[in-house]
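Engineer: Questions regarding the structure given below will be posed in turn.
Nothing in this text is a laboratory measurement; each read-out follows from the coordinates by a stated rule. All figures in this text were calculated on a predicted structure; none of them were measured in a lab. Positions of Cβ are backbone-derived with ideal geometry, glycine not excepted, and every protein chain shown enters the neighbour counts.
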Amino acid sequence: MMPLPAPALLAGAIDPQLPMHDFWPFTLTTIVKLAIVFSVYMVGVALLTYAERKISAWIQDRHGPMEVGPWGLLQVAADGVKNFMKEETYPAAANKTLFILAPMLAFIPALLTWAVIPFASPLPTPWGLMSMAVADLPVGFLFTLAISSLGVYGIVLAGWASNNKYALLGGLRSSAQMISYEIAMGMSTVAVLLLAGNVNLNTIILQQATMGWNVLLLSVAFLLFFVATYAETNRLPFDLPEAESELIAGYHTEYSAMKFSLFPISEYANMVTASALTSVLFFGGWDIPFTTWDNLPPWTVTKTLLTLGFFAMKVIFFLFTFMWIRWTLPRFRYDQLMSLGWKVMLPVALAYVVVVAGAVLALDMAHVARGTKAFSGALLLLNLACVAGLVVWMDRGRVVSPAASRLRGGELNRLRAVAGRSRLARVGLER
Amino acid sequence: MAPTTRVLDRPTGEVSYLRATLSGMTQTLKHLVNPHKVTVQYPHERESISPRWRGTHRMLTTEDGKAKCVACGLCPTVCPANCIKLVPGEDERGNRYPLVFEIDEFRCIFCGYCQEVCPEEAIHLGRHYENAEYSRASFVYDLERLTAQTHPVSQLWDPTDPKGE
């Protein structure tokens, strides 16, 4: 029988600054963290749907939801009630087991990924130091990669089980897209792991606190990761699996009521996770910029609250960017999506891993200690050169190819000449 | 003018999608923070309509509450949509009045000729656009309905003040 927390506290044998070791305090605090994180997460996701509608409306010079509650704030509750009350429909020819299973398979990994993300500095409790992540796994980052790839099964199965051509096409697109961009995403983070020397997310945050944020040292990796998260979460400009104009609603065409609602919920949950991961890997996680006191023990409640606030701000900024980009950019064509993933992002990511690994090796061989200004400065300069080169190279229409680029030059001129001979076309050209 | 096709010379080489993306995002951000929104929160606020707005009809009444109409028959004659049904009657003193006066608002094209032609300034078009009914039949407004309407009537075009200033 494990000792209960109270006697241990009375004995005063436990240092609040050291990690928890006793079984019961650890289990109980984990359950509390789980409950709090889950409820905050679900409410946050619900509010995100409201934020998305408001931001889309403002961008289009509209007001958005205004009727339910003050400024339409209760719209979320109204939508929830609607989704629970609606009829659940099943297509006659659907594979019913998979049809029911698919939304769950999309929803669960979306929630699961959040478990390892540290959202504040550790909190001292009378029973020892409590890590502010639901599960501070030593393999944290690998866990997020593994779980986030599972999300595609929900979408593919939804498309397959619906027995609907549009749904199937959406599911196929989703699998192709997610697999293509997962590779670039994984490769882009190799550079981060090279600098941190560890896959634990808290270690990555502390590394950035000493060396400087990865977004400055590894901007190319950040750009690749940023684009890949959009593809992984199926957000515009990568929302081909849904593609309303072509596929009705893609993989969730046949879904209704709460089963349908689970897909948007998991999409938003994935967005939150992607934003959190971007801030952890590249923007110092819960690190407060330009200070070091927040990263060092002794840990206090104030530090936890402040770092939590900064982490929330970073996540909210990226969530806003998700919505901002969605309401700015049009959708990619399928071949553009594939060529961007395989012909641009993957080679760039691979080359960047080689560049960063070479730079780190060279700095180590020159006996430049990690964490010094010289080390960070050298990486920063290299990074500036890489970004400048990449932008100049990409800024010549190589990222997204126009339709004409698939033709040979001579063929294009021939087609233009044909167009020029048309009477109607000539009239148009003379304008 | 003949319809024309414009063949755009689409760029193949030197295109900057990065700059286009960034300028697009600046554009959307400008609209996002711009406090001027075009939506009118309809049931709570309404856009003002022109004084010459021609909506559903209204029959004006004399001081004793009778319709001003003398059943002269000009409005059914002038009506291009043939939507006015008028059966004239005459009382013991020889005054004509409408026995039946019905306007089918579905047939009506809201040209305003009836208001222009009316010698008694009895029938008017109204500055009113919220017309909802549960049946098609209730869009045939009878005399009782027409006299009971209270919305403001539309103004006729004045040739000396063509812009309504």
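Engineer: Using the eigenvalues of the Cα gyration tensor, what equivalent ellipsoid semi-axes result for segment A:16-161 when each is taken as the square root of five times the eigenvalue, whole Å, largest first?
Structural biologist: Values: eigenvalues 238, 119, 43 Å².
Rounded to whole Å, the semi-axes are 34, 24, 15.
Engineer: Could you run the Karplus curve 6.51 cos²θ - 1.76 cosθ + 1.60 with θ = phi - 60° over segment A:157-172 and give me ³J(HN,Hα) per residue in whole Hz, x for Gly and Pro?
Structural biologist: The phi angles translate into 5, 4, x, 6, 5, 5, 6, 9, 5, 5, 4, 5, 4, x, x, 5 Hz.
Engineer: Show which aspartates and glutamates lie in cross-link reach of A:LYS165 when reach means a straight Cα distance below 15 angstrom and same-chain residues fewer than eight apart are skipped.
Structural biologist: Within reach: A:GLU242, A:GLU244, A:GLU246, A:GLU254.
Engineer: Another question, then. Using square roots of five times the C-alpha gyration tensor eigenvalues, list the equivalent-ellipsoid semi-axes of chain A in whole Å, biggest first. Don't skip to the end; give the middle numbers.
Structural biologist: Details: eigenvalues 341, 203, 74 Å².
Rounded to whole Å, the semi-axes are 41, 32, 19.
Engineer: Here is a further query. If Lys and Arg each add +1 and Asp and Glu each add -1, what is the summed charge of the other residues whose beta carbon sits under 13 Å from the beta carbon of A:LEU247?
Structural biologist: Charge balance near A:LEU247 sits at -2.
Engineer: Counting Lys and Arg as +1 and Asp and Glu as -1, each charge on the Cβ, what is the dipole of chain A about the Cα centre in debye, to the nearest 20?
Structural biologist: So the dipole magnitude of chain A works out to roughly 1700 debye.
Engineer: In whole percent, what relative contact order does chain A give with Cα contacts below 8 Å and a gap of six or more residues?
Structural biologist: Details: 588 pairs, mean separation 80.8, N = 431.
Result for chain A is 19 percent.
Engineer: I need the semi-axes of the equivalent ellipsoid of segment A:88-159: take the C-alpha gyration tensor, multiply each eigenvalue by 5, square-root it, list largest first in whole angstrom.
Structural biologist: Working: eigenvalues 264, 33, 10 Å².
Semi-axes (√(5λ), whole Å): 36, 13, 7.
Engineer: Using the charge dipole of segment A:1-141 (Lys, Arg: +1 at Cβ; Asp, Glu: -1 at Cβ; taken about the Cα centre), state which of A:THR29, A:ILE117, A:PRO70 has its Cα farthest towards the positive end.
Structural biologist: A:PRO70
Engineer: OK, next. Within segment A:27-51, name every residue whose backbone N is under 12 Å away from a label modeled 7 Å from Cα of A:THR125 along the Cβ vector.
Structural biologist: A:27-36
Engineer: Kirkwood hydrodynamic radius (Cα pairs, Å) of segment A:192-288?
Structural biologist: Answer for segment A:192-288: a Kirkwood hydrodynamic radius of 15.0 Å.
Engineer: What is the fewest-to-most order of B:CYS83, B:CYS111 by other Cβ atoms lying within 10 Å of their Cβ?
Structural biologist: Ranking B:CYS83, B:CYS111 by Cβ neighbours within 10 Å, fewest first, gives B:CYS111, B:CYS83.
Engineer: Turning to a different aspect of this structure: Order these by the 10 Å Cβ neighbour count, fewest first: A:ILE204, B:ILE123, B:ILE109.
Structural biologist: Listing A:ILE204, B:ILE123, B:ILE109 from fewest to most nearby Cβ atoms yields B:ILE109, B:ILE123, A:ILE204.
Engineer: Counting every Cα pair in segment A:26-96, what percent are over 21 Å apart? Mind dumping the intermediate values first?
Structural biologist: Numbers: 1258 of 2485 pairs.
Percentage above 21 Å: 51.
Engineer: In whole Hz and in residue order, list the ³J(HN,Hα) couplings for segment A:35-45 that follow from phi through the Karplus curve 6.51 cos²θ - 1.76 cosθ + 1.60, θ = phi - 60°; x for Gly and Pro.
Structural biologist: Working through the residues one at a time gives 4, 5, 4, 4, 5, 4, 4, 5, 5, x, 5 Hz.
Engineer: Counting other beta carbons within 10 Å of each residue's own, what order do A:MET271, A:MET323, A:MET313 fall into, fewest first?
Structural biologist: On the way: A:MET271 26, A:MET323 21, A:MET313 10.
Sorted ascending by nearby Cβ count, the order is A:MET313, A:MET323, A:MET271.
Engineer: Based only on Cα atoms, what Rg/Rh ratio does segment A:294-393 have, Rh being taken as Kirkwood's radius?
Structural biologist: Result for segment A:294-393 is an Rg/Rh of 1.10.
Engineer: Cross-link candidates for B:LYS30: which lysines have Cα within less than 23 Å, leaving aside residues fewer than 8 places away along the same chain?
Structural biologist: B:LYS30 reaches A:LYS54, A:LYS314.
Engineer: Seen from all sides and averaged, what is the projected area of the convex hull of the Cα atoms in chain B, in nm²?
Structural biologist: For the Cα atoms of chain B, the hull's average projected area reads 18.9 nm².
Engineer: Go through A:385-391, A:119-125 and give me the packing order, highest mean Cβ count within 10 Å leading.
Structural biologist: Taking the mean over residues of other Cβ atoms within 10 Å, the ranking is A:119-125, A:385-391.
Engineer: Students often forget the sequence filter, so: which lysines lie under 18 Å Cα-Cα from A:LYS259 once same-chain residues fewer than 8 apart are removed?
Structural biologist: Filter leaves A:LYS82, A:LYS86, A:LYS96.
Engineer: Ignoring everything except DSSP H segments at least 4 long, calculate the 222 nm mean residue ellipticity for chain A; use -39,500 (n - 2.57) per segment, divide by total residues, nearest 500.
Structural biologist: -21500 deg cm²/dmol
Engineer: Ordered by residue, what ³J(HN,Hα) values in Hz, to whole numbers, does segment B:146-158 give under the Karplus form 6.51 cos²θ - 1.76 cosθ + 1.60, where θ = phi - 60° and Gly and Pro are x?
Structural biologist: The phi angles translate into 5, 6, 7, 5, 10, 5, x, 8, 7, 8, 7, 6, 9 Hz.
Engineer: Still on this structure: 5 Å is the cut-off here: which amide hydrogens, built 1.01 Å from N in the peptide plane, fall below it relative to B:VAL153, excluding neighbours closer than 5 in sequence?
Structural biologist: B:ARG127
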